Amino acid sequence: MRKITFYPALLVFILLLIGCSESNHEQLFDSSKLPRKSIEEVESIIEAFIMAEDSSVIEIPEGFYELNTQLILDNKSNVTIKGAGMMKTVLSFRGLKTGGEGVKIVGNNIKIEDLSIEDAPGDGIKAQHTDGIVFRKINVTWTNGDKSKNGTYAIYPVQCKNVVIDDCVASHSKDAGIYVGQSENIIVKNSLAFGNVAGIEIENSDNAEVFNNVARNNSGGILVFNLPGLPKSDGKGTKIYNNQILENNHKNFATPIGEGPNGNTVTMIPPGSGIVLLAAKDVEVFGNKILRNKTAGIAIASYQITGFPTDAPNWSPYTSNIYVHDNEYDRSKGFPDLTRELGQLVSLYNAHGKAKTQDIIYDGFWDQNLSKTIENNPMKICIEEANMSELFFTLFDLTGGKEEIKSNKNYQPFTNCTVSIATDTSKIQSL
Amino acid sequence: MILNKFTSWIAFGILLFASFSCKKETLEQVVAELPVEEENADGNFPYKWLSTYSFFEGELNKLRQNSELLEYFPASSLFTDYAFKSRFVSIPKDSIAEIIDGEINFPEGTIFIKNFYYPEDFRKPEDKKRIIETRLLILGSTGWEAYPYIWNEAQTDAQLKVVGGQTKVKFTNLNGKEQVIDYLIPNKNQCKSCHNKNEQLAPIGAQIKHLNWERNEGETSKNQLLVWQEKGKLNGFESPLSHPSLNNYEDKNQSLNLRARAYLDINCAHCHNAEGPASTSGLFLDYEETDPLKLGLNKTPVAAGKGAGKFTYDILPGKPDESILLHRMKSTEVGVAMPEIGRTTVHEEGIKLIREWILSLK
């Protein structure tokens, strides 16, 4: 193992070199050109949500709807909410004065399709306690020039079962664009997430498949997290495949400029992160193009790295049972992030030389009840990439604390093994 | 210099225009039409007009209850932008509410009536007042439904308005200062943001723990649930001590901890409990919770987004100004402010209480 010391002069030099971080303000289309709907037309949509019954179809014609109250669908079954198209029906919540999200859905077998949601002060669209929820061809975004004013999640199913997110676009959220939390049986496919802090995030969820998506220009592309102390305590079973995870080098704007991370884990994500697994269980990552993410293509991390308390019932802080194989990497984009501690860790302490982008990093925490050493791969982290010797892999050793950070590039303990990850989304493929 | 003056005039003009257009919108949204024809009280709820229910005798805005209504007072009260509230329940004739497994089960046809009003001068609350809205909770055959009624400017009646609304309210506060509030009337489905138990609409104040207390009425003081029972409207109330009770957070004779927990229960726990919409957060603020982590002590947030501010923990014991909970109570920004609905101003007294409580925690 190589011991590395800290060079302040180098840090300053690199900071100067990459002083300006990326920010993205791109919109799919200009919604201001759409015809404004009258107060009566807007109220008729609010009423349609309130008066909806089982099997209702709520059609929202073309136009720009300025809402100052929430649209809530309450505990109904087999309801379809349908706009005239992502670029034709726009629900703007810029004037919302109260309420945690623009659109809220509770029920069973609900579909929402063909519309855009803009500028909700909290979350864009939230579905909770819903069995069967399909988001299809919806676009959720914020149009503020100052992104610190943007809301938290764009598309946000939580405590749901049988979730499909298909052909959607989520951009500019201050946390995750597509965020599936405390749910089970999940497909996220054919969707685009850009300009968010986190592109797509699966958190405390079971049985999820994330495929054929593009996550670009976020701070982090695709995240799988398990956080402590939640009613759904530990999620497992996620496949991430055939996605394009490109240039996720956006500055992390989850906290205002000049402020460091707060208690939200996403505020710690270093710009330039492709895939981040945090306290994740049973995850397979394959067939993805993980290109030009400046800090690390794939980060395998345990909750200890956050520095937060790690005691919680029915939950483990370690990432375990991970199978990473057959992905494409490209580390040709600049230097690793220095705005977040994890970026500094990569930049200064990786095993391939300072300021070198990494393809795969592993923070090297393991459950010492299982093994005395990490050398026999107690957490079952399996990496099978064709060109392993050409990839930049770093195993950190943080057991000595901040004062004595060590790292090495020996990937051998983590190769020549496989983990079989089982997911089954066959029942929701046709939703 | 000239240009500056010019642009400031334009800005002034825009401001003026904006304030006019706001006013217009407010009036349009709030002024209910006068009843054109008598509505028939045919028992098919909801009625379009509040007057049709005949809850009150004489002039409607005097809110003089008919003999069938029971007035009730929760020990602690949810903060709603300093609005005063008067609460009644109508339990149908020949029907009775029953306590089963620690909960009051109301018979079908029960209606809760909650009036939200502002005295013109808070120092003389019995004088002139403006009633803004009356919310009904009606127990039908398929469960509770919520209906917001908005009062007209003449204060003669209130009309059902499921889409809610907004209005400016002016009053003189207890310090003699004029205060203006942008009062928001929730839409029908927003009611359930708070009135929610396992995704079923449910009353909040009408739980045993909130009602099980003795209230002074003139010379005498009596437990409200005993009164209900004596009037033949409740079964199963054994004695005040055999049921849980929550104190009044304003009662300074109580301990700081009990007052703070009562405040958090009535203001937060309708969502922040294991069966409420905020169960996602793992932060449970009900009076019964004993696990420090679930109460938020040294607990990191989950989906708080910008609500977390600069802070790491929901409650950092001893450090109220580094606690997310107090940060969100102090904010009026949508997306940050808690509770998410029903509040556009800060509750100074509540903040003071919770600050002292967090300061006392170790």
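Before moving on, here are some points about what is shown:
- Cβ crowding within 10 Å ranks A:388, B:338, A:87 as A:388, A:87, B:338, fewest other Cβ atoms first.
- Taking the longest Cα principal axis of chain A as reference, the axis of helix A:8-17 is set at about 40 degrees.
- Rounded to the nearest 20, the Cβ-based charge dipole of the range B:50-210 about its Cα centre (Lys and Arg +1, Asp and Glu -1) stands at 500 debye.
- Between A:175, A:167, A:311, the Gaussian network model of chain A with springs among Cα atoms under 10 angstrom shows the greatest mean-square fluctuation at A:311.
- Other protein chain Cβ atoms within 10 Å, averaged over every residue that makes up A:229-240: 2
- Two-decimal Rg/Rh across the range A:25-92, once Rg and the Kirkwood Rh are taken from alpha-carbon atoms: 1.00
- The length gained on full extension between residue B:170 and residue B:221, counted as 0.36 nm times the residue separation minus their Cα-Cα distance, comes to 14.9 nm.
- Members of A:37/B:188; A:33/A:294; B:48/B:114; A:147/B:319 lying beyond 26 Å, as alpha-carbon distances in this model show: A:33/A:294; A:147/B:319
- Neighbour counts of other Cβ atoms within 10 Å put B:263, A:323 in the fewest-to-most order A:323, B:263.
- The mean sequence separation of alpha-carbon pairs under 8 Å and at least six residues apart, normalised by the residue count of the range B:197-294, gives a relative contact order of 21 percent.
- Each Cα pair of the protein assembly as shown feeds into the Kirkwood radius, which the Stokes-Einstein equation turns, at 25 °C and 0.890 mPa s, into a diffusion coefficient of 87 µm²/s.
- Note on chain B: the C-alpha convex hull projects to 22.2 nm² when averaged across all orientations.
- Per residue of A:69-80, other chain Cβ atoms within 10 Å of the residue Cβ number 4 on average.
- Gyration tensor (Cα) of the range B:255-360, equivalent ellipsoid semi-axes in angstrom: 17, 16, 15
- Remark: the range B:64-168 projects, on average over all directions, an area of 8.5 nm² (convex hull of Cα atoms).
- Placing R0 at 60 angstrom, the Cβ-Cβ distance between residue A:427 and residue B:352 gives a FRET efficiency of 0.65 after rounding to 0.05.
- Summed residue charge, Cβ within 10 Å of residue A:109's Cβ, Lys/Arg positive, Asp/Glu negative: 0
- Measuring spread by the Cα atoms of the range A:166-211 yields a radius of gyration and Dmax of 10.1, 27 Å.
- Fraction of antiparallel bridges per DSSP, chain A only, in percent to nearest 5: 5 percent
- Based on the Kirkwood approach, the hydrodynamic radius assigned to the range A:101-182 is 12.3 Å, with every pair of different Cα atoms included.
- Neighbour net charge for residue A:136 - beta-carbon separation under 13 angstrom, K R +1, D E -1: 0
- Shape category assigned to the range B:177-255 from the gyration tensor of Cα positions, a/c cut at 1.5: oblate
- Overall form of the range A:156-270 per C-alpha gyration tensor (a/c, 1.5; a/b vs b/c): oblate
- Expressed per residue, the C-alpha convex hull volume of the range A:203-431 stands at 131 Å³.
- Shown for the range B:80-236 is the translational diffusion coefficient from the Stokes-Einstein equation, using the Kirkwood radius over Cα pairs, a temperature of 10 °C and a viscosity of 1.306 mPa s: 91 µm²/s.
- Computed over every Cα-Cα pair of the range A:361-431 and binned at 5 Å starting from 0, the pair-distance distribution P(r) comes out as 3, 13, 21, 20, 14, 10, 7, 6, 4, 2, 0 percent.
- The translational diffusion coefficient of the range A:278-393, from Stokes-Einstein at 10 °C and 1.306 mPa s with a Kirkwood hydrodynamic radius over alpha carbon pairs, comes to 106 µm²/s.
- Dipole magnitude of chain B, debye to nearest 20 (Cβ charges: Lys/Arg +1, Asp/Glu -1, about Cα centre): 1440 debye
- Residue-count net charge about residue A:235 - beta-carbon cut-off 11 Å; Lys, Arg +1, Asp, Glu -1: -2
- For chain A, the direction-averaged projected area of the alpha-carbon convex hull comes to 19.8 nm².
- Each stretch of four or more DSSP H residues adds -39500 (n - 2.57); spread over every residue of the protein assembly as shown, this sum gives -4000 deg cm²/dmol at 222 nm.
- What you get for the protein assembly as shown, charging only the Cβ of Lys and Arg (+1) and of Asp and Glu (-1), is a dipole of about 2240 debye around the Cα centre.
- Footprinting exposure proxy for B:346, A:90 (fewest neighbouring C-beta atoms within 10 Å first): B:346, A:90
- Prolate/oblate/rounded label for the range A:256-306 (Cα gyration tensor, a/c 1.5): oblate
- Selected from B:149, B:53, B:287 as most flexible by GNM, with chain B as the system and alpha-carbon contacts under 10 Å: B:53
- Look at the stretch B:179-186: the mean tally of other chain Cβ atoms within 10 Å of its residues' Cβ atoms is 2.
- Size of the range A:65-140 as Cα extents on the principal axes (Å, biggest first): 30, 26, 14
- Comparing B:275, B:217, B:103 in a Gaussian network model of chain B where C-alpha atoms under 10 Å apart are linked, the largest mean-square fluctuation is found at B:217.
Only the coordinates and a few stated rules stand behind these numbers; no lab work does. Given the structure is predicted, the values throughout are model-derived calculations rather than measurements. Positions of Cβ are generated from backbone atoms using ideal geometry, with glycine treated the same way; all protein chains shown enter the neighbour counts.
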